[in-house]
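Novice: My structure is below; once you've seen it, I'll send some questions.
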Amino acid sequence: MRNHSRLGIAVASVTVAALALTACGSSGDATGDGGDAKPAESVTWMTMLHTPTTPEADGPIQTALEEYTGTELNFQWVPDASKDEKINAALASDSLADITSITNTTNTSVRQALRSGQFWDVEEYLKDYPNLSKIDEQTIASARIDGHLYGVPFQKPKARYGVLVRQDWLDNLGLETPHTIEELSEVAVAFATQDPDGNGQNDTTGFIDRLESFKLGFKSLAGHFGAGNNWAVTEDDEVVPSFQTDEFKQAMEWYRGLYEQGAVNGEFVTMQKQNQQDAIAQGKGGIVVTGLFEAKNYMSLALSADPNTPMAWALINDITFEDVPRRTLSDTNGGFGGWLALSTTQVKDETELKSILAFLDKLLDEEAFALMTNGIDGEHYSVDGDGVVSITDQAKWEQEVQPYNSSRPSDIVTTFKSSAPYVDEGNEKIAENADFAVVDPTQPLTSAAFDQSWSTIQQAANDAYNKYMVGQIDMDGYEAAIDKLGGQGLDTIIEEFTASYAESK
């Protein structure tokens, strides 16, 4: 094993963490039945690469990680664009690494492989490790397949979405920050009709939405009405798609009413994400339903176009509707981003399994998280007197540190103070969302019909939603379009998910 003396400076700034989102053990060996397990001496790891270049095996981050964990690492980097092809091939030939990062949780071949015995069921072991034992139960539940946990879940923030509203426009019109659907409606109409930017022209709207409205922006808004996260479980324990429910349709009627008043951008059903971002930066609309972290990016775009832009944002995560309890649809499957799956062929026995779990547990320490996030203090980043972390050499960080970001077993170990506007506030509100997150109940369920025909059915429902929103059909027409889907496989999916749900209970 390489033994470069980098660890001291690598972890020096861990104390600048601003907000602990999960309680993680400081370090040390695991306790309990697996407590005597030391991290494995060496590990092979097939993981995704989201950057153009592969980091060097003897680079500073891998060296520091090896020193910290006591494990020699052999990364098998797979470009994210070809991950399905590479992983499917490895599954077919049983040429897996000790650890395989599986991030496409709906890949049918992967889910079949998970059920087939190619990976260890690790759930009974997690309790024996200080960090792994603290993985949120909602995340664990989303990661199970047929009641089994075939890998350590990648942990994500449970719910990152909220509503961003132009604060400067609110101020210009003397409006308060909205916290209910009714108040949000008033703001949207005012932004469309009362010249919020004061330029004397009728050139603004309320919501700036895009073509993924049905799956993202509007879906999130419908959640405040009580609609499920893609699917819902009825009082009779039937699993049904949310787009069939009364709550979803009530939200549709509300949103179409705003559209008819010009309070939603008219071209949203065809607008691409880049065009949406440009429209926001150019001040064409003042409300966006998106990740709370996006406020920083919108500001950057606006400032690059106009250094004197008056743009300011209110970040809102507590929108409610009538007597529906506060809720936020999870955009990360309840904080589940995939599996760190351990091969039953490569990891031959329970002793070896426990040693690799001990290694993964060490990666959940703040020290290892800091290495894989920021890099090494003085080489990649610096910390000022207020504890603000700043990348000092962007090119060096992108080459040596960024590739490891997506391999972190958790994104929520801690956060670091930022000098960029809205970052800290966004992190705080995302953390608050965890208590109100609503997850997709079908994530751990099984339906062969879903695997075969859901994409076609979902697209048909999306098309019907778009036609309703722009006035091509009325609600009766929307319901008729959805009813037709029953005979095209939707009824079978509902039956199979309902049966799987009953079995899982």
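Novice: Once a ≥ b ≥ c are taken as the square roots of the eigenvalues of the Cα gyration tensor of region 221-374, is the result rounded (a/c under 1.5), prolate (a/b larger than b/c) or oblate (a/b not larger than b/c)? Present the calculation step by step, with values, prior to reporting the outcome.
Specialist: Working: a/c = 2.78, a/b = 1.39, b/c = 2.00.
It is oblate, given that a/c is not under 1.5 and a/b is not larger than b/c.
Novice: Using the C-alpha atoms of the chain, what convex hull volume per residue, in cubic angstrom, is computed?
Specialist: Working: hull volume 76.3 nm³, N = 505.
So the per-residue hull volume is 151 Å³.
Novice: Any idea what angle helix 475-484 forms with the longest principal axis of the chain, computed on alpha-carbon atoms, 0 to 90 degrees, nearest 10?
Specialist: 40
Novice: How big is the charge dipole of region 260-372 about its Cα centre, in debye rounded to the nearest 20, if each Lys and Arg gets +1 on its Cβ and each Asp and Glu gets -1 on its Cβ? Present the calculation step by step, with values, prior to reporting the outcome.
Specialist: Working: 8 positive and 16 negative charges, 40 e Å.
For this selection, approximately 200 debye.
Novice: Same structure, new question: In region 88-141, which trypsin sites (Lys or Arg not before Pro) fall in coil by DSSP and have 15 or fewer other Cβ atoms within 10 Å?
Specialist: Numbers: sites: 111, 115, 127, 134; in loops: 127.
In loop regions of region 88-141 (DSSP not H, G, I, E or B), the sparsely surrounded trypsin sites (Lys or Arg not before Pro) are 127.
Novice: Given the chain, what percent of its DSSP beta bridges are antiparallel, to the nearest 5?
Specialist: Values: 28 of 47 bridges.
Within the chain, antiparallel bridges account for around 60 percent of the total.
Novice: Can you tell me the accessible area per residue over region 330-434, all protein chains present, probe 1.4 angstrom, in square angstrom? Walk me through the intermediate numbers first.
Specialist: Working: 3510 Å² over 105 residues.
Accessible area per residue, region 330-434: 33 Å².
Novice: Could I have the simple spin-label model distance between residue 203 and residue 395, label points 7 Å from Cα toward Cβ, reported in nm to one decimal?
Specialist: Reported label-point gap for residue 203 and residue 395 is 3.9 nm.
Novice: Report the net charge of residues surrounding residue 321, where surrounding means a beta-carbon distance below 10 angstrom and charges are Lys +1, Arg +1, Asp -1, Glu -1. Let's see the in-between values first.
Specialist: Working: positive: 326, 327; negative: 182, 247, 322, 323.
Here the count lands on -2.
Novice: Using helices alone, I'd like the mean residue ellipticity at 222 nm for the chain: each DSSP H run of four-plus residues gives -39500 (n - 2.57), total over residue count, nearest 500. It would help to have the intermediate numbers written out before the result.
Specialist: Details: 20 runs with 200 residues, N = 505.
Helix contribution divided over all residues of the chain: -11500 deg cm²/dmol.
Novice: So if I place +1 on the C-beta of Lys and Arg and -1 on the C-beta of Asp and Glu, and nothing else carries charge, what would the dipole magnitude of region 376-434 be about its Cα centre? I want it in debye, nearest 20.
Specialist: Values: 4 positive and 12 negative charges, 34 e Å.
Once rounded to the nearest 20, the dipole reads 160 debye.
Novice: Roughly to the nearest percent, how much of the accessible area of region 262-354 is carbon and sulfur, given a 1.4 Å probe?
Specialist: Numbers: 1700 of 3690 Å².
Carbon and sulfur together cover 46 percent of it.
Novice: Just to check I understand the Karplus step: with θ = phi - 60° and J = 6.51 cos²θ - 1.76 cosθ + 1.60, what whole-Hz values come out for region 170-183, glycine and proline as x?
Specialist: 4, 5, 4, 9, x, 9, 7, 4, x, 10, 10, 4, 4, 5
Novice: With angles folded into 0 to 90 degrees, how steeply does helix 423-433 sit against the dominant principal axis of the chain? Use alpha carbons for both and round to 10.
Specialist: Tilt relative to the chain: about 90 degrees.
Novice: Setting aside same-chain residues fewer than 8 positions from residue 362, which lysines have a Cα under 17 Å from its Cα?
Specialist: Hits, sequence-local ones excluded: 38, 127, 134, 354.
Novice: Could you please state how large a percent of the accessible area of region 393-505 is carbon and sulfur, counting protein chains only and using a 1.4 Å probe? All intermediate terms of the calculation are to be shown ahead of the outcome.
Specialist: Details: 2350 of 5230 Å².
Within region 393-505, the accessible surface is 45 percent carbon and sulfur.
Novice: Assign one of three labels to region 345-454, namely rounded, prolate or oblate, based on the Cα gyration tensor with a ≥ b ≥ c the square roots of its eigenvalues; rounded applies when a/c is under 1.5, prolate when it is not and a/b is larger than b/c, and oblate otherwise.
Specialist: Details: a/c = 2.22, a/b = 1.38, b/c = 1.60.
Oblate, because a/c is 1.5 or more while a/b does not exceed b/c.
The values are calculated or read from the model by the stated rules, or taken from the named source; none is laboratory data. From a predicted model like this one, the values you see are computed outputs, not experimental measurements. Counting neighbours? That spans all protein chains shown, and the Cβs are built from the backbone with ideal geometry, glycine included. We work out accessible area using only protein heavy atoms, side chains counted, and drop any ligands, DNA or RNA first. Shrake-Rupley method; radii C 1.70, N 1.55, O 1.52, S 1.80 Å.
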